1. Pairs, please: C-beta under 8 Å, at least 6 apart or cross-chain, first residue closer than 19 Å to GLY91 by Cα and in the range 107-136, second part of a helix (DSSP H, G or I) and open to solvent by 60 Å² or more (accessible area, probe 1.4 Å)?
2. Of all residues in the range 129-138, count the ones that are surrounded by 15 or more Cβ atoms within 10 Å (Cβ to Cβ) and more than 10 Å from the ligand (Cβ to nearest atom).
3. Just for the range 67-104: of the residues that are within 12 Å of the ligand (Cβ to nearest atom) and of a type in the set (Asp, Glu), which one is farthest from LYS116 (Cα to Cα)?
4. Considering only residues of the range 38-66 that are more than 14 Å from the ligand (Cβ to nearest atom) and either of a type in the set (Ser, Thr, Tyr) or assigned to a strand (DSSP E or B) (or both), which is surrounded by the fewest Cβ atoms within 10 Å (Cβ to Cβ)?
5. I need a count of the residues in the range 138-160 that are without any contact (Cβ under 8 Å) to a residue 12 or more places away in the chain and not in a helix (DSSP H, G or I).
6. Only one of these conditions is not met by ALA92: (1) in a loop (DSSP other than H, G, I, E, B); (2) within 16 Å of the chain's Cα centre (by Cα). Which number is it?
7. How many of the residues in the range 85-119 are over 20 Å from LYS36 (Cα atoms), surrounded by 14 or more Cβ atoms within 10 Å (Cβ to Cβ) and among the small types (Gly, Ala, Ser)?
8. Only one residue in GLN110, GLN32, GLN124 is polar (S, T, N, Q), on the phi < 0 side of the Ramachandran plot and assigned to a strand (DSSP E or B). Which one?
Amino acid sequence: MASSRNKRKITNCAIYPGSFDPFTFGHVNIVQRALKIFDTIIIAVAINTSKRGTFTVRERVCMLNEVFRAEPNVVVDSFSGLLVDYVRTKGAQAILRGIRTVTDFDYEFQMALANKSMDPSVEQVFMMTEGKYLYYSSSIIKEIVSLGGSARDMVPDVVEKRLRKKLYRASVQEPSRR
Ligand code: PNS
């Protein structure tokens, strides 16, 4: 006979927070790999009132819902305030972050220590990026698109279309005539 312990539903959830302005294939790769460790990933777009993004938080959430439409174990949400408070309200087991470079590590280490000092019970999991995503930074991608380059290999389709619509039109101007 199965004991109550065996029948217990195991839920193992990580919060994946970030600006995601925009979400890249590097981010998608982190989520896909993290799903092998966690039952549920909540992608949490940070609402940062002091930083004006290319996309509104609502636009980012909308694109993310489209990207993960077929993935029932991924939930898309947004949050404001302290990340540790958000993690607590969701009852999540960990914060998930991706790391590309030593510079990323420095920044992540500082944030992780700050989070831990505010909530010693919080666990933070870091996944190294896969090599091909190393240079996929949101700001480089935005520059490429704004100058007419293609980011098709760097971001999901829905993101690429919206980026082009938003950035390309505004930035390419006729060279001035002397
Ligand atoms: O994608 P980003 O911009 O590197 O993400 C940074 C983010 C959103 C994870 C971080 O700024 C954050 O946790 N913001 C919430 C506010 C907070 O908890 N700050 C204290 C910890 S640094």
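1. ASP119/ARG88; VAL122/LYS116; GLN124/LYS116
2. Total meeting the criteria: 4.
3. Selected residue: ASP104.
4. This residue is THR56.
5. Residues that pass the stated criteria total 3.
6. The number of the failed condition is (2).
7. Residues meeting the conditions: 1.
8. GLN124
The values are calculated or read from the model by the stated rules, or taken from the named source; none is laboratory data. These figures come from a predicted structure and were not determined experimentally. Ideal geometry is used to build each Cβ from the backbone, glycine not excepted, and the neighbour counts take in all protein chains shown. What goes into the accessible areas is simple: the full protein's heavy atoms, side chains included, and nothing from ligands, DNA or RNA. Shrake-Rupley method; radii C 1.70, N 1.55, O 1.52, S 1.80 Å.
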